[in-house]
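Trainee: Below is one structure. I have some questions about it.
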Amino acid sequence: MDIMTSLLDGFAVALTPGNLGLAIFGCFIGTIIGALPGIGPVNGVAILIPLAFSLQLNPASSMILLSCVYYGCMYGGRISSIMLNIPGDEPAIMTTLDGYPMAKSGRASEALAISAVASFVGATLATIGLTLFSPLLAGAAIHFGPTEYFALYVMAFATIGGITGANPAKTLIAAFLGLLLATVGLDPASGVQRFTLGQFELYDGFDPIVAIVGLFAISEVLIFLETSHEPTAEMPRVGRVLPRLNDIRISLGAMMRGSLIGFVAGVLPGAGASLGAFLSYIAEKRVSDKNGTFGKGDPRGVAAPEAGNNAAAGGALIPMLTLGVPGSGTTAVMLALLISLNITPGPLLFERQPDIVWGLIAALYVANVVLLALNLPMVGMFTRMLLLPTWVLMPLVVMVSFVGVYSISHSSFDLMVMIGFGLLGFALRKLDISLVPIVLGLLLGADMENSFRRALSISDGDVGILFQSPISLALYGVTAVMLAIAVGFAVRKRLS
């Protein structure tokens, strides 16, 4: 009953005219961003963060806007995958395997309708899981002390981005770079300047929001300037997009299985939607591909990964809200917004600021309904957005980035820092080094250092205290297993 009461209070927050308008706007913009090839939810949320500051939104409204953009991007990623065989983001790669063959055979409307319903089912079931399991995990997390949080941060840094098959060595390099950047500023214990280069503006370190906008938005502009992302494939015709009951009946099992697998993958720190979509497709192929139709335009091959990646998006919010550790790259960016608003994610967030948590969860239910309503009748308009020229899109990204960052502190120094991080992000992306671990280092580096210091203070300098707690040992064990899986994926990919 406490959960239902809290959820009803959340709907009272989410259904205010202002927050409802932000939710609808976020869903619409998120779908467009997700449909545009190459941008993806991480960049989409990063680009919209300055808008939240420019509008001077309160924390609850800011999180509602960005979470709806997040869900919208996950819905929109399927559109370019099906219509152009160009994934809107990494999780949508699996949708191309059967979605594009369906479009080429004249069944584009059917593929788009099934994927929209599957996205709705996956996201809704994940939101229900978020409602039920977040308070339970938050209650357990209250027992975490400095040693447990240090182990949790180690797990986050060691596993984020690595388990999906990316190069583990480059991922760890990026994590260490993020930790190094987090040391800039005044030492929290002694007040000694660390790597400030004599700049007063760096006494508080790098503003995570400024760094994120530079790393993602500005570097994305530079990538676009270097390489054209204009669609070159001929776009199939799209008729009226309405799901047929028979198609839903055939694909319902795939949606349910994909949702369950995706949700579990989303809850695991570092796994995210890419792994959810991959595992959902592979599992469904083993269960349902009796006649060798997968890869040739089987509707279940569209339904399973779409349900999986949308369920993973909802699951990734659980560790972010309850533990302060992001479950995906996009939630890492959202975590930065909370920290910049002086909101501390973690178990006490549910007690001290329930309006933020339950308002966000309630808004996700609203967002799913809005997204389904948008993505069925208006999908023709979204497909035409794929032809939006970069000379229109990129100036808008630059304008939002500069105006938003300047509105935070009214400091030209922050604009220079943003440009510097943009150049850094561009160079790292050229080297195929993930930017998400850098963001994680900037966000959690100070908390990790403080937990380490407090643990040593309790034990009078004995490092062994870090390995005495059963919870800490369990977290270190999970870290070792997930690192082993990541290395196994990398070796397998190199040998194949």
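The values are calculated or read from the model by the stated rules, or taken from the named source; none is laboratory data. For clarity, every value in this text was computed on a predicted model and none was experimentally measured. Quick reminder, even Gly has a Cβ in these numbers, built from the backbone with ideal geometry, and neighbours come from all protein chains shown. Side chains included, ligands, DNA and RNA excluded: accessible areas come from the protein's heavy atoms. Shrake-Rupley method; radii C 1.70, N 1.55, O 1.52, S 1.80 Å.
Trainee: With (1) buried (at least 24 other Cβ atoms within 10 Å of the Cβ); (2) at pLDDT below 80; (3) over 23 Å from the mean Cα position of the chain (by Cα) as the list, and SER80 as the residue in question, which single condition is left unmet?
Mentor: So the condition that SER80 fails would be (3).
Trainee: Output yes when any residue across the range 155-174 is at pLDDT 80 or above, under 18 Å from ALA336 (Cβ atoms) and part of a loop (DSSP other than H, G, I, E, B), and no when none is.
Mentor: For the range 155-174, residues at pLDDT 80 or above, under 18 Å from ALA336 (Cβ atoms) and part of a loop (DSSP other than H, G, I, E, B): absent.
Trainee: Restricting the first residue to the range 443-472 and requiring it to be more than 23 Å from LEU338 (Cβ to Cβ), which pairs with a second residue that is acidic (Asp, Glu) meet a Cβ separation below 6 Å and a spacing of at least six or different chains?
Mentor: SER469/GLU148; ILE471/GLU148; SER472/GLU148
Trainee: Just wondering, is there one or more residues in the range 96-108 that are open to solvent by 10 Å² or more (accessible area, probe 1.4 Å) and among the hydrophobic types (A, V, I, L, M, F, W, C)?
Mentor: Looking through the range 96-108, at least one residue is open to solvent by 10 Å² or more (accessible area, probe 1.4 Å) and among the hydrophobic types (A, V, I, L, M, F, W, C).
Trainee: Which one of these does ALA455 not meet: (1) over 23 Å from LEU179 (Cβ atoms); (2) over 27 Å from the mean Cα position of the chain (by Cα); (3) among the hydrophobic types (A, V, I, L, M, F, W, C)?
Mentor: If we test ALA455 against (1) over 23 Å from LEU179 (Cβ atoms); (2) over 27 Å from the mean Cα position of the chain (by Cα); (3) among the hydrophobic types (A, V, I, L, M, F, W, C), just (1) comes out false.
Trainee: Here is a follow-up. When you look at LEU197, is it within 30 Å of MET448 (Cα to Cα), surrounded by fewer than 12 Cβ atoms within 10 Å (Cβ to Cβ) and modelled with pLDDT of 75 or more, yes or no?
Mentor: So LEU197 passes the test.
Trainee: Still on this model: Which is of a type in the set (Gly, Ala, Ser) and on the phi > 0 side of the Ramachandran plot, of GLY72, GLY40, GLY99, GLY30?
Mentor: Testing whether each residue is of a type in the set (Gly, Ala, Ser) and on the phi > 0 side of the Ramachandran plot leaves just GLY40.
Trainee: Then there is this: Which members of the range 26-42 meet the condition of being modelled with pLDDT under 85, open to solvent by 10 Å² or more (accessible area, probe 1.4 Å) and in a helix (DSSP H, G or I)?
Mentor: ILE32, ILE33, PRO41, VAL42
Trainee: Any residue that is modelled with pLDDT under 80, under 20 Å from the mean Cα position of the chain (by Cα) and open to solvent by less than 10 Å² (accessible area, probe 1.4 Å) - is there at least one of those in the range 253-265?
Mentor: The answer is yes; a qualifying residue exists.
Trainee: Step by step: first the residues of the range 51-69, then only those that are surrounded by fewer than 20 Cβ atoms within 10 Å (Cβ to Cβ) and in contact with a Ser or Thr (Cβ under 9 Å, 6 or more places away or on another chain), then the one that is farthest from PHE402 (Cα to Cα). Which residue is that?
Mentor: GLN56
Trainee: Please specify each residue of the range 7-21 satisfying the condition of being more than 25 Å from the chain's Cα centre (by Cα) and surrounded by 11 or more Cβ atoms within 10 Å (Cβ to Cβ).
Mentor: LEU8, ASP9, ALA12, THR16
Trainee: Now a separate question. Being at pLDDT 80 or above, open to solvent by less than 20 Å² (accessible area, probe 1.4 Å) and under 14 Å from THR127 (Cα atoms) narrows it down to one of ALA367, ALA304, so name that one.
Mentor: Exactly one residue qualifies, and that residue is ALA367.
Trainee: Any idea which of (1) farther than 17 Å from CYS27 by Cβ; (2) among the hydrophobic types (A, V, I, L, M, F, W, C); (3) modelled with pLDDT of 75 or more is the one ILE142 doesn't satisfy?
Mentor: (3)
Trainee: Evaluate the range 224-244: report whether one residue or more is open to solvent by 10 Å² or more (accessible area, probe 1.4 Å), among the aliphatic types (A, V, I, L, M) and modelled with pLDDT of 80 or more.
Mentor: Checked the range 224-244: no residue is open to solvent by 10 Å² or more (accessible area, probe 1.4 Å), among the aliphatic types (A, V, I, L, M) and modelled with pLDDT of 80 or more.
Trainee: Is it true that ILE343 is surrounded by 24 or more Cβ atoms within 10 Å (Cβ to Cβ) and either over 30 Å from GLU148 (Cβ atoms) or among the aliphatic types (A, V, I, L, M) (or both)?
Mentor: Answer is no for this residue.
Trainee: Of the conditions (1) modelled with pLDDT of 85 or more; (2) surrounded by 21 or more Cβ atoms within 10 Å (Cβ to Cβ); (3) of a type in the set (Phe, Trp, Tyr), TYR75 satisfies every one except a single condition; which number is it?
Mentor: The failed condition is (1).
Trainee: Name the pairs whose Cβ atoms lie under 9 Å apart, with the first residue in the range 410-430 and among the β-branched types (Val, Ile, Thr), the second assigned to a helix (DSSP H, G or I), and 6 or more positions between them or separate chains?
Mentor: Pairs that qualify, where the first residue is among the β-branched types (Val, Ile, Thr) and the partner is assigned to a helix (DSSP H, G or I), are VAL417/GLU201; VAL417/LEU202; VAL417/VAL210; VAL417/ALA211; VAL417/GLY214; VAL417/VAL405; ILE419/GLY214; ILE419/ILE218.
Trainee: Also, quick follow-up: Would you please name the residue that is most open to solvent (accessible area, probe 1.4 Å), looking only at residues in the range 134-156 that are farther than 15 Å from LEU349 by Cβ and within 21 Å of the chain's Cα centre (by Cα)?
Mentor: Among residues in the range 134-156 that are farther than 15 Å from LEU349 by Cβ and within 21 Å of the chain's Cα centre (by Cα), the one most open to solvent (accessible area, probe 1.4 Å) is VAL154.
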